[in-house]
Each structure stands twice: as structure tokens, then as C-alpha cells.
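**Student:** Take this structure, written in C-alpha cells, and hold onto it; I'll ask about it next.
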Amino acid sequence: MIYLLTGPIRSGKTTALMQWASSLNDVSGIVTPDVNGIRHFLNLSNNEYFKMEANAGEEGMTIGKFTFSKKNFDKANGIIKSAVDRKGWLLVDEIGPLELNGNGFHSSLVPIFKKRNEKMLFVVRAGLVDKVCAYFNLTAVQIIGKSQLSEIF
């Protein structure tokens, strides 16, 4: 079963996910909180934060008004790939327009969906759930909102 945590943009999905994950001891993956108004990656295995947005002059991937660090996305993808065979929950925040364009977390998601079949939770913003499911050929999914996180273990 794959859980898709969904809701509108800026509705507290990441905050709720981080609170839920902090109550567990078997969580790995990446969440993407805002820290002082700047998007960051958070490695759930070791609580390391690193910037999501590209610095001036750094190679990046642009989507809308944001330019994300390719180097740090590569690092985040490595963290996700290393968690594929781990026991426990695998969380990825979030699958969105970058991934639907073959960028972002795309390179780590494809092997996950082929190999892993339990305890996976991904954030997908409302309005993209059907596109994400079709693109990655996801059929066994359960759509949840942040208020339902406490119901899954």
C-alpha cells in the first residue's frame, strides 16, 4: 500500500508529516520544510537540513518562481535511494511538477515504485494526485489528509 498525503499548497502537510514522523523510530526519507522562508530538505535518518533552493550561479531546475539546487536534489535522491531496502517507513515530500517533468525526485521514485511495496508515504498536492498516479502507474494507493496521519502505522 502506498499512502498519498494530499491537500492544498501551504496547508500544513509537511508540518503534520514531520510531527507524525517524530513519533516513530523507523522513518527515513526526505521532507521539505520552510526554514525562515527558505525551502530546505530534511534527511529524516539523521535530521540534517540542507537548502533546496539554488544559490546564485549554481546549476538549478526552475519551476514557476523557484530555482532548485540540482546538486542538493542529487543528494536528496541519494538519501531516498539508500532507504529503498530499509525496514520501516519511507517518506518523500513531495511529488509534484518537477517529477512529472522527469526531474526532482524522479530518478529515485522510479526504482522505489518497482521494488518496494510497504510503508511508503508520499506528499502530493491536491490537483496532482490523478496525474501522479497515472504517470507512475500507481494503482494500490490510499489518499489521506493530514488529519488521517495518526490512523496509519
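The values are calculated or read from the model by the stated rules, or taken from the named source; none is laboratory data. What you are looking at is a predicted structure, and each value in this text was computed from that prediction instead of being measured. Quick reminder, even Gly has a Cβ in these numbers, built from the backbone with ideal geometry, and neighbours come from all protein chains shown.
**Student:** Spot the failing condition for Gly104; the list is (1) outside any loop (DSSP other than H, G, I, E, B); (2) under 14 Å from the mean Cα position of the chain (by Cα), and only one is missed.
**Tutor:** (1)
**Student:** If you don't mind, there's one more thing I want to ask. Would you kindly identify the strands (runs of 3 or more DSSP E) lying entirely within the stretch 18-64 that contain at least 1 residues that are hydroxyl-bearing (Ser, Thr, Tyr)?
**Tutor:** 27-31, 48-51, 60-63
**Student:** While we're looking at this one, here's another question. Gly96 - would you say it is of a type in the set (Gly, Ala, Ser) and either touching a Phe, Trp or Tyr at 6+ places or on another chain (Cβ under 7 Å) or modelled with pLDDT of 95 or more (or both)?
**Tutor:** no
**Student:** Evaluate the following for Ser23: is it farther than 23 Å from Phe66 by Cα and surrounded by fewer than 20 Cβ atoms within 10 Å (Cβ to Cβ)?
**Tutor:** yes
**Student:** Let me ask you something else. Could you please give the count of residues in the stretch 106-132 that are surrounded by 13 or more Cβ atoms within 10 Å (Cβ to Cβ) and out of contact with any strand residue (DSSP E or B) (no Cβ under 6 Å at 6 or more places or on another chain)?
**Tutor:** Going through the stretch 106-132 one residue at a time, the tally reaches 11.
**Student:** For the condition surrounded by fewer than 20 Cβ atoms within 10 Å (Cβ to Cβ), touching a residue at least 24 places away in the same chain (Cβ under 8 Å) and at positive phi, what is the one hit in Asn72, Asn137, Asn103, Asn47?
**Tutor:** Only one candidate qualifies: Asn137.
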